[in-house]
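Visitor: Provided herewith is a single structure, encoded as structure tokens, for subsequent inquiry.
The values are calculated or read from the model by the stated rules, or taken from the named source; none is laboratory data. A quick note: this is a predicted structure, and the numbers were derived from the prediction, not measured. Positions of Cβ are generated from backbone atoms using ideal geometry, with glycine treated the same way; all protein chains shown enter the neighbour counts.
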Amino acid sequence: MKTNILKTLVSAALVTSMLLTGCGSASDGNTTASTQQAQAAAGSVAASESKENSGKTVIEYWHCNADTQGGTTVEELVNKFNEENDHIEVVAKYNPDMYKGLMQNLQAEATTGNTPAVVQIGWAFLEYFSNNFEYTTPQEAIDAYDPEDKNFLSDNFLPNVLDLAVNNAGEQVGIPYSVSNPVLYINVDLLKEAGITDFEMKTWEDVIAASEQVREKTGKYGLYMQEPADFWAQQAFMESNGAQLLTANADGSYEATFASEEGIEAMQAYADMVKDGSALHITWEEGNQAFVDGNCAMLYTTIARRAYVQNNCQFEVKTVKSPTWGDKPRKVCAGGCFLAITAQDPEQIAAAWEFEKYLYSVESMAAWTIGTGYVPPRKDVAEAENGLKSFLAENELMTPAIEQMDSVSKWTSFPGDAGLVAEQLLLDTRAQILGGEVSAADGLKSAQDQINALLSR
């Protein structure tokens with residue numbers, strides 16, 4: 001078992017305080033970070049009471065899937081597991097504000113000694129999580145509680161997919177679960193209204209030109225690029241232009257390097273679009289709504305929004321691969337999360353692995369993809385008759401995401417204790433640049449300097 005608990009509670013409390021100040025309200029618009037923590041505590045109490053009443057081993061599963069992004073499917077999978085299992089009961093706990101919100105809540109719970117059994121960890125927090133929290137690696141859980149299936153990982157996952165959840169120390173921290181990449185959703189009808197007939201949008205230059213034409217011809221917006229509580233889409237946008245958010249040095253240290261000429265050029269290009277009214281700078285939920293309402297021609301967001309878009313749009317929609325900058329290579333960082341076992345008690349760890357193995361079954365993986373749009377990490381799901389074979393044949397919006405998996409790279413995870421603060425600095429900088437408060441050059445250089453100061457401690 002990995003035994004890195006929060007290194008200092010004082011430091012953890014300080015970081016949490018800093019982040020809560022920067023976050024404001026949660027993604028549902030009503031739930032504050034303090035309320036999130038209260039909800040998590042309530043979930044622990046509920047789990048304890050449930051065990052007393054049922055005699056089952058009760059475990060908590062923490063996730064950040066809102067109803068518009070897989071929450072309903074989480075509930076369906078958990079209910080099915082509970083119905084079919086006579087000795088384990090899973091209590092699912094939704095954490096608002098995406099993976100950052102979940103990490104904040106996990107941090108608060110760790111200081112009290114109470115932790116869930118299974119958690120979703122966003123890729124951006126891989127290093128922070130593995131450096132600061134107790135967890136059991138998947139192979140340790142398999143060896144201890146499922147030795148007859150000791151090759152479960154190698155039998156069911158491609159090496160490059162498993163590597164997404166390997167930290168800088170070379171340890172398999174968890175198993176990839178929600179794997180996504182960004183695609184460009186296109187309102188074909190609105191582009192036609194603007195006089196645009198080429199819907200491929202192969203390059204960002206194409207997107208910028210089309211957005212300007214949409215604004216001029218229709219008075220509507222051309223593009224919204226997602227802005228949840230992470231920098232994922234902007235990383236893909238900048239790195240496709242040749243930037244690199246984090247660079248490993250020869251001595252094993254790491255350095256933020258996103259304020260390069262290429263990174264600045266990309267961010268300033270989008271800021272200019274916002275300034276001239278061809279792009280939107282609003283919340284993620286508002287941006288999604290603008291697209292499905294027909295007020296924005298293109299939406300750059302995760303393929304995991306496929307079901308939401310498909311079910312709500314009253315116009316012809318198509319998806320294309322993440323655009324490139326000219327003839328530069330496409331770079332798309334894997335979105336989503338991996339599952340980690342944070343249970344401490346052996347009985348809880350065993351139950352956590354049994355639940356995880358159920359979630360990674362072909363049938364469960366297929367249900368997860370159908371309900372969310374995430375690309376399945378397990379290698380045999382797409383072609384399995386009891387998997388996604390028929391679904392993929394009927395859902396062409398998924399095709400670009402699957403086709404560009406060969407361009408997928410790791411989501412940048414800042415190492416050490418700097419992870420949460422570094423991510424918040426990027427979010428604050430994004431807001432300042434797109435809000436016109438600072439130029440991309442000034443904002444990115446300032447954030448880079450602050451992050452490197454953290455990394456050098």
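Visitor: Return the residue satisfying two criteria in turn: it lies in the range 381-395 and is out of contact with any Pro (no Cβ under 9 Å at 6 or more places or on another chain) and assigned to a loop (DSSP other than H, G, I, E, B), and of such residues it is farthest from Val90 (Cα to Cα).
Guide: Asn395
Visitor: For the range 371-380, does any single residue satisfy the condition of being at pLDDT 95 or above and assigned to a helix (DSSP H, G or I)? First the steps, then the outcome.
Guide: Here is the first cut: in the range 371-380, the ones at pLDDT 95 or above are none.
No, there is no match, as no residue in the range 371-380 is at pLDDT 95 or above and assigned to a helix (DSSP H, G or I).
Visitor: Return only the number of the condition from (1) more than 23 Å from Leu339 (Cα to Cα); (2) surrounded by fewer than 22 Cβ atoms within 10 Å (Cβ to Cβ); (3) not charged (D, E, K, R); (4) not assigned by TED's automatic domain parsing to the domain that holds Leu162 that Leu426 does not satisfy.
Guide: For Leu426, the failing item is (2).
Visitor: In addition: Under the condition of being more than 30 Å from Asn114 (Cβ to Cβ) and assigned to a helix (DSSP H, G or I), which residue from the range 306-354 is nearest to the chain's Cα centre (by Cα)?
Guide: Arg306
Visitor: Identify the single condition in (1) among the acidic types (Asp, Glu); (2) at positive phi; (3) out of contact with any Ser or Thr (no Cβ under 7 Å at 6 or more places or on another chain) that Asp97 does not satisfy, given that it satisfies every other one.
Guide: Failed condition: (3).
Visitor: What number of residues within the range 187-229 are of a type outside the set (D, E, K, R) and within 30 Å of Asn160 (Cα to Cα)?
Guide: Number satisfying all stated conditions: 7.
One line per residue, one yes/no per condition, for (1) of a type in the set (Gly, Ala, Ser); (2) at positive phi:
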residue	(1), (2)
Val381	no, no
Asn386	no, no
Asn395	no, no
Thr399	no, no
Leu427	no, no
Ile433	no, no
Gly436	yes, yes
Gly443	yes, no
Ile451	no, no
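Visitor: Quick check on Ile175: is it within 29 Å of the chain's Cα centre (by Cα) and at pLDDT 95 or above? Spell out how you get there, then give the answer.
Guide: Details: within 29 Å of the chain's Cα centre (by Cα): yes; at pLDDT 95 or above: yes.
When the stated conditions are applied, Ile175 passes them.
Visitor: Within the range 48-167, considering only helices (runs of 4 or more DSSP H) that don't extend past its boundaries, which have at least 3 residues that are of a type outside the set (A, V, I, L, M, F, W, C)?
Guide: 71-84, 98-112, 126-132, 138-145, 152-156
Visitor: Restricting to helices (runs of 4 or more DSSP H) lying wholly in the range 201-300: which have 1 or more residues that are farther than 25 Å from Ser446 by Cβ?
Guide: The helices (runs of 4 or more DSSP H) meeting that bar are 204-218, 284-292.
Visitor: Taking Tyr360 and the conditions (1) under 22 Å from Thr301 (Cα atoms); (2) modelled with pLDDT of 90 or more; (3) surrounded by 18 or more Cβ atoms within 10 Å (Cβ to Cβ), which numbered condition does it fall short on, given that it satisfies the others?
Guide: (1)
Visitor: State all residues of the range 355-367 that are assigned to a helix (DSSP H, G or I) and either more than 20 Å from Leu102 (Cα to Cα) or among the acidic types (Asp, Glu) (or both); if no residue qualifies, say none. If you could, list the steps in order and put the result at the bottom.
Guide: First pass over the range 355-367, keeping only residues assigned to a helix (DSSP H, G or I): 355-359, 362-367.
Matches in the range 355-367: Glu356, Lys357, Tyr358, Val362, Glu363, Ser364, Met365, Ala366, Ala367.
Visitor: Checking Asp155 against (1) more than 22 Å from the chain's Cα centre (by Cα); (2) at pLDDT below 95, which test does it fail?
Guide: (2)
Visitor: In addition: Which one is nearest to Val207 (Cα to Cα) among residues in the range 230-243 that are crowded, with 18+ Cβ neighbours inside 10 Å and either out of contact with any strand residue (DSSP E or B) (no Cβ under 6 Å at 6 or more places or on another chain) or not assigned by TED's automatic domain parsing to the domain that holds Asp327 (or both)?
Guide: Looking at the filtered set, the residue picked out is Phe237.
Visitor: Right, Glu403: touching a residue at least 12 places away in the same chain (Cβ under 8 Å), assigned by TED's automatic domain parsing to the domain that holds Thr72 and closer than 26 Å to Thr203 by Cα or not?
Guide: yes
Visitor: Let me ask another. Applying the selection to the range 303-338, what residues are of a type outside the set (Lys, Arg), over 15 Å from Ser240 (Cβ atoms) and surrounded by 24 or more Cβ atoms within 10 Å (Cβ to Cβ)?
Guide: Answer for the range 303-338, where residues must be of a type outside the set (Lys, Arg), over 15 Å from Ser240 (Cβ atoms) and surrounded by 24 or more Cβ atoms within 10 Å (Cβ to Cβ): Ile303, Ala304, Gly336, Cys337, Phe338.
Visitor: Something else about it: Which residues, taken from the range 408-433, are modelled with pLDDT of 85 or more and either acidic (Asp, Glu) or in contact with a Lys or Arg (Cβ under 9 Å, 6 or more places away or on another chain) (or both)?
Guide: Glu423, Gln424, Leu427, Asp428
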